[in-house]
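Below: one structure, written as structure tokens.
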Amino acid sequence: MVEGIEIVGVEPTPSVERILKLKPDLILMADQFEPAYEQLSKIAPAVLIDIWKDRIPIKANFRYIAEIVGKEKEGEEVLARYQERISKFKNQLGDRLLNSEISVLGYYQNQLFPPANWASYFQVFQDIGLPIKPILLRKEEYSNISIEAVGDFEADIMFFTELNNPSKPLYQNPLIQFLKAVKNNRAYIVDGSIWEFYSPIGINLFLDDLSKYLLEIRYSNHNFRLG
């Protein structure tokens, strides 16, 4: 789906040289790239797309992008296909999680981070009707917690998002090992680069990943096993 797309650097400073070579007619920028806005707007008209600042829902953001590029009809067709996939997911899931709760914790730079309630995957969870741990729905900001507070986020099914290799010492900590999701083999370490998404392509990759754990019922990653 992304074959042939040129990589133009990383946030917050993309490669101006690479972008110049592409000769764009329009530059769409996530708000993380705002420091480069003035420079890039000299190459072509540039539009900042909200991801973090105003917390605009991902579907509303997508409609905004479709409007900017004059593809409103095509945008609605994409969203209709998303809704079809959500309906199929719900039908396949049935009522197997009726009395369960799901929790998500991020692990970055040796810190545990409960996500904010506007995290992109929570928006999809809510479209599916998945039962999110209530404490997470009350969190308006990303903020780190100590390992001693991990029990506050305990749930029947738990996901730990990571961007790099899993930190096995963390997951073998007794406070993690005693979580019921870990003891019942329903705790999973997942790829944060897939779970932090903002586009239809990203949503589909995320749903592919989520299906492995909720529809195929895979058991916990080996990183939770002692020894």
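The values are calculated or read from the model by the stated rules, or taken from the named source; none is laboratory data. In this text, all values refer to a predicted model and were calculated from it rather than measured experimentally. Methodologically, a virtual Cβ is constructed for each residue, glycine included, from the backbone with ideal geometry; neighbour enumeration extends over all protein chains shown.
Details
- Residue in segment 115-136 that is under 18 Å from the mean Cα position of the chain (by Cα) and exposed (fewer than 14 other Cβ atoms within 10 Å of the Cβ) present: yes
- In segment 10-24, of all residues being modelled with pLDDT under 90 and within 22 Å of Asn61 (Cβ to Cβ), the one that is farthest from the chain's Cα centre (by Cα) corresponds to Pro14.
- Segment 116-146, residues that are of a type in the set (S, T, N, Q) and within 28 Å of Pro174 (Cα to Cα): Asn117, Ser143, Asn144, Ser146
- Flag for Ala44 being modelled with pLDDT under 95, more than 25 Å from Ala116 (Cα to Cα) and not charged (D, E, K, R): yes
- Residue list for segment 69-114, filter: of a type in the set (S, T, N, Q), surrounded by 13 or more Cβ atoms within 10 Å (Cβ to Cβ) and modelled with pLDDT under 95: Ser100
- Residues of segment 65-95 that turn out to be of a type outside the set (Phe, Trp, Tyr), more than 15 Å from Pro200 (Cα to Cα) and touching a Leu at 6+ places or on another chain (Cβ under 8 Å), as a count: 4
- Qualifying residues in segment 171-183 (those that are farther than 9 Å from Phe224 by Cα and in contact with a strand residue (DSSP E or B) (Cβ under 8 Å, 6 or more places away or on another chain)) - the one surrounded by the fewest Cβ atoms within 10 Å (Cβ to Cβ): Leu179
- Across segment 188-227, the number of residues qualifying as part of a helix (DSSP H, G or I) and exposed (fewer than 14 other Cβ atoms within 10 Å of the Cβ) comes to 5.
- Within segment 25-36, none of the residues are assigned by TED's automatic domain parsing to the domain that holds Asp209, exposed (fewer than 14 other Cβ atoms within 10 Å of the Cβ) and at pLDDT 90 or above.
- Any hit, segment 116-137, residues being without any contact (Cβ under 8 Å) to a residue 24 or more places away in the chain, in a loop (DSSP other than H, G, I, E, B) and in contact with a helix residue (DSSP H, G or I) (Cβ under 6 Å, 6 or more places away or on another chain): yes
- Selection from segment 44-67 of residues that are surrounded by 13 or more Cβ atoms within 10 Å (Cβ to Cβ) and outside any loop (DSSP other than H, G, I, E, B): Ala46, Val47, Leu48, Ile49, Ile58, Lys59, Asn61, Phe62, Arg63, Tyr64, Ile65, Ala66
- Flag if Leu97 is assigned to a loop (DSSP other than H, G, I, E, B) and of a type in the set (A, V, I, L, M, F, W, C): yes
- In this structure, Leu112 qualifies as assigned to a strand (DSSP E or B), of a type in the set (A, V, I, L, M) and within 18 Å of the chain's Cα centre (by Cα).
- Some residue of segment 159-172 being more than 18 Å from the chain's Cα centre (by Cα), modelled with pLDDT of 90 or more and of a type outside the set (D, E, K, R): no
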